[in-house]
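These notes concern the structure reproduced below.
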Amino acid sequence: VRVLGISGSLRRDSYNTRLLRAAGELLPPGTDFEPWGGLKAVPPFDEDDEAAPGPGVEALRAALGEADAVLFVTPEYNGSIPGQLKNAVDWASRPSVPEGALFGKPVAVVGASTGMFGAVWAQAELRKALGLAGARVLDRELPVPVADELIGADGSIDSIEIVDELEAILAALVESAEERERVVSERALEA
Ligand SMILES: Cc1cc2nc3c(=O)[nH]c(=O)nc-3n(C[C@H](O)[C@H](O)[C@H](O)COP(=O)(O)O)c2cc1C
């Protein structure tokens, strides 16, 4: 199973990007992990550009196309999803459900903030947007609050509960990808 990791923060020392790196270490054995660094190169969504969206969008769609599952790690800006991440979801939802790059894709959402609530609103809104784009969204969340205290510069997470829950979410995501592969290959055999 190939898992693509997308951090919604563009900041160099982002807690969310550190959380994504930590997640890469906690995936079940035999899973390939590919953190994706192309978010900043995705231009603002414009329906007029859909005929020729350019390399940033093509890279996003290619990365999603090659992945069996996607882990999103999101900060929270003003109670919601960072614009650059929502923008990427909008591009990936097109040309239309069910043809967009996210359609049918198993995805999970976690997130960190320096506040007390661990980006729960952003996570809820991202799950909603991913669901509307047709993704198979894991109905779980992982709020990581006070990230400046809990997440170290080396990506270590100073909470056993959070590490355990992250590991459980990743296992469920991989299971969802395996289940989808089974269904797809059964259908291919029937056809
Ligand atoms: C524009 C802006 C808005 C923010 N709004 C929220 C918010 O609504 N809730 C929250 O918990 N933290 C908020 N924060 C604080 C972020 O949690 C904090 O900057 C965090 O480090 C961002 O994630 P990153 O480290 O992955 O870049 C906001 C930060 C910025 C820059």
Magnitude of the Cβ-charge dipole (Lys and Arg +1, Asp and Glu -1) of region 1-101 about the Cα centre, nearest 20 debye, reported as 500
Sequence-separation-based contact order of region 27-88, relative, with Cα cut under 8 Å and 6+ spacing, percent: 40
Stretch gain in nm, segment Glu167-Arg140, where the contour uses 0.36 nm per residue and the Cα spacing is subtracted: 8.5 nm
Which distance in nm do the two modelled labels at Asp49 and Phe103 give, with both placed 7 Å along the Cα-to-Cβ direction? 2.3
Would you kindly state the longest site-free stretch of the chain, with sites defined as GluC sites (Glu not before Pro) in a DSSP loop (not H, G, I, E, B) surrounded by at most 12 other Cβ atoms within 10 Å? 100-191
Is the shape of the chain best called rounded, prolate or oblate, per the rule: a/c under 1.5 gives rounded, else a/b larger than b/c gives prolate, else oblate, with a ≥ b ≥ c the square roots of the Cα gyration tensor eigenvalues? oblate
State the answer as a single residue: which of Leu71, Ser185, Val97 lies farthest towards the positive end of the charge dipole of the chain, with beta carbon charges of +1 for Lys and Arg and -1 for Asp and Glu, about the Cα centre. Val97
7 Å from Cα along Cα→Cβ at both Ala188 and Glu25: what's the point-to-point distance in nm? 3.5
State whether region 1-72 is rounded, prolate or oblate according to the following rule on the C-alpha gyration tensor (a ≥ b ≥ c being the square roots of its eigenvalues): a/c under 1.5 gives rounded; otherwise a/b larger than b/c gives prolate, and the remaining case gives oblate. oblate
Please state the relative contact order of region 37-191 as a whole percent: Cα pairs under 8 Å, 6+ residues apart? 20
If a/c stays under 1.5 just call it rounded; otherwise compare a/b with b/c (prolate if a/b is bigger, oblate if not). Do that for region 45-121, with a ≥ b ≥ c from the square roots of the Cα gyration tensor eigenvalues. prolate
Using a Gaussian network model of the chain with C-alpha springs under 10 Å, which one of Pro143, Pro75, Pro43 is most mobile by mean-square fluctuation? Pro43
Which residues make up the longest stretch of the chain that has no trypsin sites (Lys or Arg not before Pro) in a DSSP loop with at most 12 other Cβ atoms within 10 Å? 13-191
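Bear in mind that the values in this text are calculations on the coordinates, not laboratory data. Keep in mind that this is a model prediction, so the values were computed, not measured. Note that we place each Cβ from the backbone using ideal geometry, even for glycine, and neighbour counts take in every protein chain shown.
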